[in-house]
Amino acid sequence: MDWLGGWGEAPAVVLSCPGPLRRQEAALLPVGDLVLPQVLLGCESQLLAFAAAATDLAGRLYFAPMPEMLPGIDGLRACVRALAAHNAARIGPRAVHLRFGSIRSARVLKGIRNAAVIAEAESPPPLTASHHPFASGRTLPAAMRRLLLYRDDAARPRPIGGGVLPATILPPGFVDADLARRAPASAAEAEQALDLACLQDFRSAAWAAGRVGPRAARARFAAAGGAVLLPWNMDHPGSIVPALLERLLRLRQASPAMPRIVLMPFNYIGQTGIIRRLAARLRHAADHPEAALADIYLARVTSLDAIPALQGVSRVAWVDGNDPEHWWSLARLAACGIEPILIDPAESREPGIARVAADEAVWVEGETRCGALTFAARLPSPRALPGLLAMTAERQGAARPAQARRRSGRRMALAQ
């Protein structure tokens, strides 16, 4: 277990990541009992893939929704004892906490060893940032002792006070271990595990609590044509996704032959105002706001059972190459049989990936928990967008015969 940097003997390994808290009913729970709102992309999928790959840690893996609130070793020991775990008496400073998610969202568990699991690629810092100690996205809390990296080009943040943290590269299987082990799901299970909501009908409380009524949205969605998936990293303030949607809305008004957009928000930090602000921005940009928002959907994979249903929504995705986690989204989507097209702001090192140039420099401003941040990013220009749409249409056309055969097979099975 060299990938854990000599910490493999830990009596307990606590995993944590950002996210809404209302689905968690305890300060600590076994990873096997964990229910997360979105499991395909972002930090939640990284945590679950790690748990699936770390078979040597079976029985010692726990999840803490808010590790910073646990009162040190005594609190951790009491929580483990409450779970009737046999190793409660051994809990001490050699226990380990692994934090997944954005560097700006890093948290520590007091009194034990802490490490940050980094999926973000190295990227330029914000052009402007507040004086918040974590605003740069390159600084970790002082209690961090180690980095676990997925790739050698991952960001390598430093703790407050300086110094270089030892880093270990995780084995390749930690990217998709959960996907490789998923069992086949029935059509009903797949549909149940995919949340699909129209942006016009979005309700913050229902989305955060996981109460998304999918039937009306699915019926409306099925009545229209092809779609394209658009992952959206909500914990990356420099995302081009809102600006890209705004530009696509204006283009749709001149050219109705546009794919419908299915947004896939991930790294959802519980601030539903982000989605509401996006809806307000798109209303302002569209000539016919209600019709525009009725044609944009939000999708969320609550269980890997949903993969067949997601494939039925679209076999093509656009991935924002400005996102520090774009490589993770590319790998996960491809592993699900969904072809990603990279919106590439530079010469990406991702091999074998279709790409379209993001050829227009823009500034993206965001209000965050660290204050106002401004990022340099690149967006496909109006002259580049037709190439992206043509590339998408070509792939959608190739995917339709296979989808039609699957639908026909399902109808025959039901008839029998």
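Nothing in this text is a laboratory measurement; each read-out follows from the coordinates by a stated rule. Every value quoted in this text rests on a predicted model; they were computed, and no experiment measured them. Using ideal geometry, Cβ is built from the backbone for each residue, glycine included, and neighbour counts are taken over all protein chains shown.
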Note the angle between two axes, namely the Cα long axis of helix 241-254 and the longest principal axis of the Cα atoms of the chain, as a number of degrees from 0 to 90, rounded to the nearest 10.
-> 0
Count the net charge of all other residues whose Cβ sits under 12 Å from the Cβ of Ala88, scoring Lys and Arg as +1 and Asp and Glu as -1.
-> +3
Would you please classify the overall shape of region 58-99 from the alpha carbon gyration tensor, given that a ≥ b ≥ c denote the square roots of the eigenvalues, rounded means a/c under 1.5, and beyond that prolate means a/b larger than b/c while oblate covers the rest?
-> rounded
Positive minus negative residues near Phe266 (Lys, Arg vs Asp, Glu; Cβ under 11 Å) = -2
What are the extents of the Cα atoms of region 7-148 along their three principal axes, listed from largest to smallest and rounded to whole Å?
-> 50, 31, 29
Top of Ala188, Ala227, Ala393 by mean-square fluctuation, Gaussian network on the chain, Cα under 10 Å = Ala188
What order do you get for 58-69, 280-291 when each peptide is scored by the mean count of other beta carbon atoms within 10 Å, highest first?
-> 58-69, 280-291
GNM on the chain, C-alpha springs below 10 Å: top fluctuator among Asp33, Asp152, Asp235?
-> Asp33
Protection proxy ranking, peptides 5-11, 191-197, 112-118, average beta carbon neighbours within 10 Å, highest first = 112-118, 191-197, 5-11
Sort region 184-397 into rounded, prolate or oblate with this rule: let a ≥ b ≥ c be the square roots of the eigenvalues of the Cα gyration tensor; rounded if a/c is under 1.5, and if a/c is not under 1.5, prolate when a/b is larger than b/c, oblate otherwise.
-> rounded
Any idea what the relative contact order of region 250-343 is, in percent, if you count C-alpha pairs under 8 Å spaced at least 6 apart?
-> 24
Calculated from DSSP helices alone, with each H run of at least 4 adding -39500 (n - 2.57) and the total divided by the residues of the chain, [θ]222 nm to the nearest 500 comes to -9500 deg cm²/dmol
Extend 7 Å from the Cα of Ala205 along its Cα-to-C-beta direction; within region 273-304, residues with backbone N under 19 Å of that point are 273-277
Of 332-342, 90-100, ordering from highest average Cβ density within 10 Å down gives 90-100, 332-342
In debye to the nearest 20, how big a dipole does region 287-385 give about its Cα centre with +1 on each Lys and Arg Cβ and -1 on each Asp and Glu Cβ?
-> 300
Given unit charges at Cβ for Lys, Arg (+) and Asp, Glu (-), the dipole magnitude of region 146-199 about its Cα centre in debye, nearest 20, is 440
Looking at [x] 193; [y] 143; [z] 209, which value of volume of the Cα convex hull per residue in Å³ comes from a calculation on the structure shown?
-> [y]
By how many nm would the segment from Ala26 to Ala180 lengthen if fully extended, with 0.36 nm per residue of separation less the alpha-carbon distance?
-> 52.5 nm
